[in-house]
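Report on one structure; see the data block that follows.
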Amino acid sequence: MAISNTLPDARRYAGIKRLFDIVGGVSGILLLAPLMAGIAIAIKVNSTGSVLFRQTRHGRNGSTFTILKFRSMYADLGDASGRQQTVRDDPRMTPVGRFLRRSNFDELPQLFNVLKGEMSLVGPRPHVPGMLAAGLPYEEFDPRYHQRHRVKPGITGLAQVNGYRGETKVPHAAHMRLEHDLAYVARHSPLLDIKIIFKTIVREFFKGNGY
């Protein structure tokens, strides 16, 4: 009987993925440092409040961590709990924030979350505890929900590059977003990660599909 190599393969992949995250995270921070500095200045000039927005999100295996984002909303209108989801043309966003959301540049500080080991470059997007789907807690909407936490959350993921991001008020959108997350958990690989990053650059940064 052949001995399964599943465990050694999983460990090998985890090591490759972590190395990929470190190299990608460091490279991204160095290359994008001038852009991030310019964004920080623009935020401070445009509105009062902190440059960074911090929020508690789910990490791997049900843990929590503090995610970093460039602040895109007026400081007194932001929702730290995350239950009030951002909508298209959200009146809470600052003029600079609208640009950051369209370009997804508000997500760039998460490169530091990646270096800390709290996130990966690619994985299911981290949700706030108590995330709602079609008006219900996600785990009530679909009992499989916590399976998406078996891997580290990512700056981008399979759901996002397939157009399922943003609000989860509509049952179909909430369902498809989870389906893609679980598909990633089931078949993630270095090659799939590279494909997702490439599609993210084209879809989000160049075409500006965020909000």
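With the checklist (1) of a type in the set (Asp, Glu); (2) in contact with a Lys or Arg (Cβ under 6 Å, 6 or more places away or on another chain); (3) surrounded by fewer than 18 Cβ atoms within 10 Å (Cβ to Cβ) in hand, flag the one item residue 106 doesn't pass. Checking residue 106 against (1) of a type in the set (Asp, Glu); (2) in contact with a Lys or Arg (Cβ under 6 Å, 6 or more places away or on another chain); (3) surrounded by fewer than 18 Cβ atoms within 10 Å (Cβ to Cβ), the one that fails is (3).
Of the residues 147, 160, the single one that is surrounded by 15 or more Cβ atoms within 10 Å (Cβ to Cβ), over 16 Å from the mean Cα position of the chain (by Cα), at pLDDT 90 or above and within 28 Å of residue 24 (Cα to Cα) is 147.
Within the range 58-74, which residues are farther than 15 Å from residue 112 by Cα and either in contact (Cβ under 8 Å) with a residue 24 or more places away in the chain or in contact with a strand residue (DSSP E or B) (Cβ under 6 Å, 6 or more places away or on another chain) (or both)?
Within the range 58-74, the subset farther than 15 Å from residue 112 by Cα is 58, 60-64, 71-74.
Within the range 58-74, 58, 60, 61, 62, 64, 71, 72, 73, 74 qualify.
Among the helices (runs of 4 or more DSSP H) confined to the range 111-211, the ones with at least 3 residues that are over 25 Å from residue 18 (Cα atoms) are located at 138-141, 171-187.
Only residues that are surrounded by 15 or more Cβ atoms within 10 Å (Cβ to Cβ), in contact (Cβ under 8 Å) with a residue 60 or more places away in the chain and either touching a helix residue (DSSP H, G or I) at 6+ places or on another chain (Cβ under 6 Å) or within 16 Å of residue 105 (Cα to Cα) (or both) were counted in the range 33-57, giving 2.
The values are calculated or read from the model by the stated rules, or taken from the named source; none is laboratory data. Note that the coordinates shown come from a computational prediction; the quantities given were computed from them, not determined experimentally. Glycine also receives a Cβ, built like all others from the backbone with ideal geometry; neighbour counts cover every protein chain displayed.
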